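Engineer: One structure is given below, represented as structure tokens, and several questions about it will come after.
Readers should treat all values here as calculations from the given coordinates under stated rules, not as data from a laboratory. Quantities reported herein were computed from a predicted structural model and do not represent experimental measurements. Here the Cβ is made from the backbone with ideal geometry for all residues, glycine too, and neighbour counts use every protein chain on show.
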Amino acid sequence: MVTTKRFAAQEEQSTNFTISSRKLVAKGTDVYVKEFLLAAKEEIPWHSHSNIFDIFYCLEGHLQVGRIEISSGRRQPDIELDVGESAKVDVGTAHRPFNPGPGPCRFISVQGVGAYDYLPYKTT
């Protein structure tokens, strides 16, 4: 007989910003999976990571991810994701996930491979 155990994602708000919901789905030594819920016009502020990339996968609504190449300061085209679409933001790219609305946006972020950090980024 196979036993199945249910795993409920744990709520985990950041001390750097507050949003509708942020849940830790899975955590390894160098990979993190998180589920986010953004209300209309809500955002995760501009930031970057020194060691890890982000893969965003849209579950509900519409997700817009602004990007800036840190080395040059150049703005890159926004990533626009609808339900079922995904995109990667590489290390060295400041980014800002944003829900343009009108309804909620729910998405998964897979972050890795390496030690997690959150580095606020000031736009000019």
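Engineer: Using packing as a proxy for protection, rank 72-80, 104-112 so that the peptide with the highest average count of other Cβ atoms within 10 Å comes first.
Structural biologist: The peptides rank, most packed first, as 104-112, 72-80.
Engineer: Can you match semi-axes √(5λ) of the Cα gyration tensor in Å to one of these, (i) 24, 18, 13; (ii) 20, 18, 12; (iii) 39, 19, 12, based on a calculation from the structure here?
Structural biologist: Only one option fits the structure, namely (i).
Engineer: Among LEU119, LEU63, LEU37, what is the fewest-to-most ranking by other Cβ atoms within 10 Å?
Structural biologist: Final ranking by Cβ density, sparse to dense: LEU119, LEU37, LEU63.
Engineer: How many angstrom lie between the Cα centre of segment 70-89 and the Cα centre of segment 17-62?
Structural biologist: Here the two parts' Cα centres lie 14 Å apart.
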